[in-house]
Amino acid sequence: MPYFDDQVFEKTDFTTEALPKGHYENCTFRLCNFAEGDLKQVNFTDCIFDECNMSLAKLIETQLNGIHFKNCKILGTKFEYCNPFLFSVKFTSCMMNMSTFYQMKLKQTVFADCQLRETDFTETDLQEAVFKNCDLEGATFSYSKLQKTDFRTAFHYTIDPENNQLKKTRFSKEGLAGLLSRYDIVID
């Protein structure tokens, strides 16, 4: 498998010509289009994706280790198909609506200034994760591990404390309504 190190890929449309299968380390992808692209069994280590379109990209057995997504459009992407070995990602200012992280281990993952509407975190391990200024409208948290997870600046979330693991989970006073919605009460 080819090895690519310290390379910059800029303004490349990988929907017309697929990204070559291989191992990419310390590479930067800027303004690239991977929408609906096949990234099956591609390995990425310590790479940056900046202003890329990753919507509906096929991530089957894709390795994402030390990856930072910045200002990316990542709609409907199924991260649960990624290779779980050494999986570690960070998201900054990304639009990630309708993506899924079903049963993934995302301990200490940082989501900063992201739109995560209708995103599925069912049975996801989000211990010590941070949702900084994130829009979680319609996001699903069901049987998720949320111990020490930080939701203090997140908004529009609904989390049922009875079917998620909460311990030392951090919320702001303004966000408490998202924990009580199942009780159909009025908070003034």
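Before moving on, here are some points about what is shown:
- Remark: spin-label model distance residue 133-residue 41 equals 4.1 nm, labels positioned 7 Å along the Cα→Cβ axis.
- Whole-Hz couplings from phi, Karplus 6.51/-1.76/1.60, listed for the stretch 7-19; x for Gly and Pro: 9, 10, 10, 10, 6, 10, 9, 7, 8, 8, 10, 5, 4
- For the chain, excluding the exposed loop sites themselves (GluC sites (Glu not before Pro), DSSP loop, at most 12 other Cβ atoms within 10 Å), the longest remaining stretch covers 18-161.
- Annotation: aspartates and glutamates with alpha-carbon distance below 13 angstrom to residue 70 (same-chain offsets under eight excluded): 50, 51, 113.
- Length-normalised contact order for the stretch 71-133 - Cα pairs under 8 Å, 6+ apart - percent: 33 percent
- Chymotrypsin sites (Phe, Trp or Tyr not before Pro) lying in DSSP loop within the stretch 106-165, provided at most 16 other Cβ fall within 10 Å: 143
- Here's the list of lysines a cross-link from residue 148 could span, going by alpha-carbon distance under 20 Å and ignoring same-chain residues fewer than 8 apart: 90, 105, 107, 132, 167, 168, 173.
- Aspartates and glutamates with Cα under 16 Å of residue 58, excluding same-chain neighbours fewer than 8 positions away: 13, 17, 36, 38, 80
- Of the trypsin sites (Lys or Arg not before Pro) found in the stretch 133-167, those that fall in a DSSP loop while having at most 16 other beta-carbon atoms within 10 Å are 152, 167.
Any read-out appearing in this document is the output of simple, stated calculations on the displayed coordinates, not a laboratory observation. Quantities reported herein were computed from a predicted structural model and do not represent experimental measurements. Positions of Cβ are generated from backbone atoms using ideal geometry, with glycine treated the same way; all protein chains shown enter the neighbour counts.
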